[in-house]
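So the structure is just underneath, and the comments pick up after that.
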Amino acid sequence: LTLAVWGWHSAQKDITLYYPPNMQLSTMMKAGVVPEETVYAFVPLILQQLHLWEKGGDQDYEANRFRLRQFMTETYQRLIVSEIDDGTAKGTLRGLKRRMQVLPTSVYTDDSVQVVGNHWLVWLDVEILDSIAGMEVNRGVHRMAVRVVRYDINRDANPWQLALDGIEQDMPLVTEKEARKFGSAPS
């Protein structure tokens with residue numbers, strides 16, 4: 001009886017379950033296993049918030065990094081701080097407004113997420129729009145491979161328990177049509 005009480009008391013209190021987007025589909029899942037669909041959904045949610053600069057990159061980039069710091073590794077945050085310092089020194093972030101959005105053609109497929117060792121690469125096609133003083137200065141379509149890792153942090157701060165760890169590849173594309181032509185991820 002003592003062993004049973006000790007086992008019950010020392011049992012895991014929290015189990016993380018990741019539900020698939022369509023609950024009508026039958027599925028088997030293991031506690032703690034992160035489905036690739038969940039990893040894919042996490043990336044644009046954080047990346048688009050990080051790159052939404054409504055006041056200007058000189059103000060919003062750092063504010064967004066700080067606000068989203070629980071969803072990014074220390075390594076990626078240091079890289080962002082370095083970009084901010086360089087942009088501030090050169091004056092390229094002053095008044096630069098940015099909006100990043102995932103293209104409607106960039107949907108989850110089996111090729112969208114690749115397991116590489118102990119992390120994932122998530123492939124997204126995004127459009128980045130930069131403007132200064134209301135005038136468009138850059139509009140580009142990019143195919144990005146975003147590195148994502150498990151992140152053991154307070155669940156209240158980051159319920160996903162995932163973090164962006166950097167942009168592994170950023171390939172400029174000519175148009176959204178070109179993105180459709182090449183599919184979701186390079187072979």
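Observations, loosely collected:
- Screening L129 against (1) under 17 Å from R69 (Cβ atoms); (2) at pLDDT 95 or above leaves a single unmet condition, (1).
- Counting residues in the stretch 163-170 that are at pLDDT below 95, of a type outside the set (F, W, Y) and in contact with a His (Cβ under 7 Å, 6 or more places away or on another chain) gives one or more.
Residue-by-condition table, conditions (1) assigned to a strand (DSSP E or B); (2) buried (at least 18 other Cβ atoms within 10 Å of the Cβ):
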{"site": "V126", "(1), (2)": "yes, yes"}
{"site": "L129", "(1), (2)": "yes, no"}
{"site": "N138", "(1), (2)": "yes, no"}
{"site": "H142", "(1), (2)": "yes, yes"}
{"site": "V148", "(1), (2)": "yes, yes"}
{"site": "A157", "(1), (2)": "no, no"}
{"site": "A163", "(1), (2)": "yes, yes"}
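- Counting only residues that are within 14 Å of F42 (Cα to Cα) and β-branched (V, I, T), the stretch 110-134 holds 2 of them.
- Residues in the stretch 40-58 that are touching a Leu at 6+ places or on another chain (Cβ under 9 Å) and either surrounded by 15 or more Cβ atoms within 10 Å (Cβ to Cβ) or at pLDDT below 95 (or both): Y40, F42, V43, P44, I46, L47, L50, W53, G56, G57, D58.
- Just one of the listed residues (R78, R99) is free of Cβ contacts under 8 Å to residues at least 60 places away in the same chain, closer than 24 Å to W160 by Cβ, assigned to a helix (DSSP H, G or I) and open to solvent by 60 Å² or more (accessible area, probe 1.4 Å), and it is R78.
The values are calculated or read from the model by the stated rules, or taken from the named source; none is laboratory data. Everything quoted here is computed from the prediction, not taken from an experiment. Quick reminder, even Gly has a Cβ in these numbers, built from the backbone with ideal geometry, and neighbours come from all protein chains shown. Accessible surface areas use protein heavy atoms only, side chains included; no ligands, DNA or RNA. Shrake-Rupley method; radii C 1.70, N 1.55, O 1.52, S 1.80 Å.
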